Amino acid sequence: MIKEISLLSYRNFRAHKFVFDSGINLILGPNGSGKTNLLEAIGYLSQAKSFRRVPDRNLIAWGETFFRIEAIFEKDGLNHNIAIFYDSETETKKISINNKVVERATILFSTLPSLISSDRDQDIIDGPPRERRRIINRLISITSSEYMRLIQDYSKVLENKNFLLRNKKVDEIKPWNQKQQQLSIEIVRHRKKFMEKIKDHFLTLSQEFLKGKKAQVTYVPSADEETSFDSFIKEELERGHSFHGPHRDSIEFLIEGKPAKIYASEGEKRLIILAFYFTFLNIYNPNSMVILDEPFSVLDKRGVELVLSHLNTQSFISAPYFDLESSKISKVIEL
Ligand SMILES: Nc1ncnc2c1ncn2[C@@H]1O[C@H](COP(=O)(O)OP(=O)(O)OP(=O)(O)O)[C@@H](O)[C@H]1O
Ligand SMILES: [Mg+2]
């Protein structure tokens, strides 16, 4: 768990230190006070990038040329430190754990896994399938570094193959098809296993969250194991890119058996996503911290209490105001 974080020239924080509790930390403050910025900095400790998907240079406080994030965290009863430094003039990022430089940023993710939910999560239901694949990739990666590597390898293979398809280099495509298919089989296996594991729990929890209505998630791989990827080559050459494989798998959320994107209310969509996250936390118990940016904005009082009751690991939640009495909240940080 993160004990404290110090921010230097990070967004609107010129030099700030925050001390956290191991339970639920509620970050309160008016619009523009820095709630999302603080959550973004906490998330940065886990993924070495902003969950708002902006370039590092945007994170530097206006007028400065660098930012630094330092944190002390406790793991297995011992204190450790993380320091991340980014300099826009040299475009270099330096990450160190316990004063030793870390070469691969993915180490952060396995050191401090996080589950991050922001208002962009509405896209998980409303947006294109890519958003749902992204979230499934993220969740499975929390529990499996092998999966994380498979996804990284797959995107490299795809990039190479698409380059060859665009440039009509037919003779060179075959070996890439083989690599794509091998990785594809592994990725689909992981995804199927994940879906199978969470299925029943998600159904039950969604019923609790949605007052009896059922939510489900469906998964349909775009390519089956038996069909050779070579058989797609003619069509793929015509289109100039690959369109079979895990990067085209279909994942959909349903409410009462119908597409949630069409039928669920805004509050229900939020509850479906949160029930999905809590199912994951419950089944896999990855001991990851939970970061929720304004999870309550579309929820009623019952929804807020449900969310709080399901948080069992260190959590960081932002809200512009909070008027419920809740013993679940361990610390309030006012900005
Ligand atoms: N690089 C930066 N340097 C300095 N200030 C910045 C930088 N980036 C953003 N800000 C400012 O930080 C402030 C706080 O932003 P943030 O998104 O954290 O607010 P918030 O508390 O989450 O507000 P809301 O309730 O509206 O979501 C904003 O006023 C924004 O203009
Ligand atoms: Mg905000």
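The values are calculated or read from the model by the stated rules, or taken from the named source; none is laboratory data. Just so you know, these numbers come straight off a predicted model, no measurement behind them. Cβ sites come from the backbone with ideal geometry, for glycine too, and all protein chains shown count toward neighbours.
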Which numbered condition residue 244 fails, given (1) within 23 Å of the chain's Cα centre (by Cα); (2) in a loop (DSSP other than H, G, I, E, B); (3) crowded, with 18+ Cβ neighbours inside 10 Å: (1)
Evaluation of residue 81 against (1) away from ligand 2 (no atom under 16 Å from the Cβ); (2) among the polar types (S, T, N, Q); (3) in contact (Cβ under 8 Å) with a residue 24 or more places away in the chain (one fails), failing number: (3)
Among the residues of segment 30-44, is there at least one that is charged (D, E, K, R), farther than 17 Å from residue 318 by Cβ and within 16 Å of ligand 2 (Cβ to nearest atom)? no
Tell me which residues, restricted to segment 61-94, are hydroxyl-bearing (Ser, Thr, Tyr) and in contact with a strand residue (DSSP E or B) (Cβ under 8 Å, 6 or more places away or on another chain). 65, 86, 88, 92
Would you confirm whether or not segment 43-58 contains a residue that is more than 8 Å from ligand 1 (Cβ to nearest atom), among the β-branched types (Val, Ile, Thr) and assigned to a helix (DSSP H, G or I)? no
Do any residues in segment 286-298 that are under 11 Å from residue 320 (Cβ atoms) have Cβ atoms under 9 Å from those of residues that are within 16 Å of ligand 2 (Cβ to nearest atom) and among the aliphatic types (A, V, I, L, M), where the two are at least six apart or on different chains, and which pairs are they? 294/317; 294/319; 296/317; 296/319; 297/319
Given the structure, is residue 335 among the hydrophobic types (A, V, I, L, M, F, W, C), within 16 Å of ligand 2 (Cβ to nearest atom) and modelled with pLDDT of 95 or more? yes
Looking at (1) touching a helix residue (DSSP H, G or I) at 6+ places or on another chain (Cβ under 6 Å); (2) within 16 Å of ligand 2 (Cβ to nearest atom); (3) not acidic (Asp, Glu), can you tell me which one residue 280 breaks? (2)
Take residue 17 and tell me if it is free of Cβ contacts under 8 Å to residues at least 60 places away in the same chain, surrounded by 16 or more Cβ atoms within 10 Å (Cβ to Cβ), of a type in the set (Lys, Arg) and away from ligand 2 (no atom under 15 Å from the Cβ). no
Only one of these is buried (at least 16 other Cβ atoms within 10 Å of the Cβ), over 30 Å from residue 152 (Cα atoms) and either away from ligand 1 (no atom under 16 Å from the Cβ) or assigned by TED's automatic domain parsing to the domain that holds residue 199 (or both): 255, 251, 283. Name it. 255
Looking only at segment 310-317, decide whether some residue is part of a helix (DSSP H, G or I), away from ligand 2 (no atom under 16 Å from the Cβ) and surrounded by fewer than 16 Cβ atoms within 10 Å (Cβ to Cβ). no
Of the criteria (1) in a helix (DSSP H, G or I); (2) farther than 30 Å from residue 276 by Cα, which one residue 181 fails: (2)
Any idea which residue in segment 285-298 is nearest to residue 36 (Cα to Cα), counting only those that are part of a loop (DSSP other than H, G, I, E, B) and more than 16 Å from ligand 2 (Cβ to nearest atom)? 288
Qualifying position, being farther than 27 Å from residue 141 by Cα and not hydroxyl-bearing (Ser, Thr, Tyr), among 301, 214, 261, 269: 301
List the number of the failed condition for residue 140; all other conditions in (1) over 27 Å from residue 105 (Cβ atoms); (2) surrounded by 19 or more Cβ atoms within 10 Å (Cβ to Cβ) hold. (1)
Search result, residues across segment 189-200 that are under 20 Å from the mean Cα position of the chain (by Cα) and surrounded by 14 or more Cβ atoms within 10 Å (Cβ to Cβ): 190, 191, 194, 195, 197, 198, 199
Does residue 73 satisfy the criteria of being at pLDDT below 95, outside the structural domain of residue 142 (by TED's automatic domain parsing), over 30 Å from residue 260 (Cα atoms) and of a type in the set (Phe, Trp, Tyr)? no
Name the residue, out of 92, 143, that is within 17 Å of the chain's Cα centre (by Cα) and of a type in the set (Ser, Thr, Tyr). 143
